[in-house]
Amino acid sequence: MTYESLDDQKRLEQPVWMVYDQQRTACLNAKYYGHKLRTLERETFWTDVIIAIAAPTSGIAGLAMWQSEWGKAFWAWIPTLATFLVVIKASRKTTTRIKELEKRVTSYQSLLFDMKEIGDKVRAERKFSPAALKLYETSQRRYGALFRMPPDKIDGKLLHKYQLEVQKEMPASSFFIPEE
């Protein structure tokens, strides 16, 4: 990041930036992990649909279209595909992964809310008061476990997409900086 003037540099050195940086980071992570969660839930849904269709008792197997030559050939592959999907789903521990992602997303959304509240307090009081600092420190302790979670394998393109989105939604110029 480049600074256009010394005033911009001084503005960015204000202690309140730890709140705003945390706010933007929480927003970024809520969006990023929310995307990963929605993708995994969608994959799980379609995996379950294919497994259900492949079940011999599903009624799908008895449809007339499966009695044709191409239908019989196609239907011969469905149980094999379903078997592979069951094994893959179990080995990926999908249910556990969904729960972990839900916890991350919810925690980051809560942290984002807390940081917005602190920012609102700073704006209302026109200063980064000791009370606002105490709220920030309390929030950091509350979400300590979140910060200690092992990082996921990062999807660089996806992360970059959400970084740009957050920068557009929350540019540095949008935050109130006290004159302290």
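Every number in this text was worked out from the coordinates using simple rules, so none of it is lab data. Because the structure is predicted, anything quoted here is derived from the model rather than measured. Methodologically, a virtual Cβ is constructed for each residue, glycine included, from the backbone with ideal geometry; neighbour enumeration extends over all protein chains shown.
Taking max minus min of the alpha-carbon positions on each principal axis, the range 16-171 gives extents of 76, 29, 25 Å, largest first. When the charge dipole of the chain is built from unit charges on Cβ atoms (+1 for Lys and Arg, -1 for Asp and Glu) and taken about the Cα centre, the candidate among Gly34, Ile53, Thr138 whose Cα reaches farthest toward its positive end is Ile53. Compared with the dominant Cα axis of the chain, that is its longest principal axis, helix 130-142 is turned about 30°. Can you tell me the relative contact order of the range 65-180? Whole percent, Cα pairs under 8 Å, sequence separation 6 or more. Taking the mean separation of contacting Cα pairs over the length of the range 65-180, I get 28 percent.
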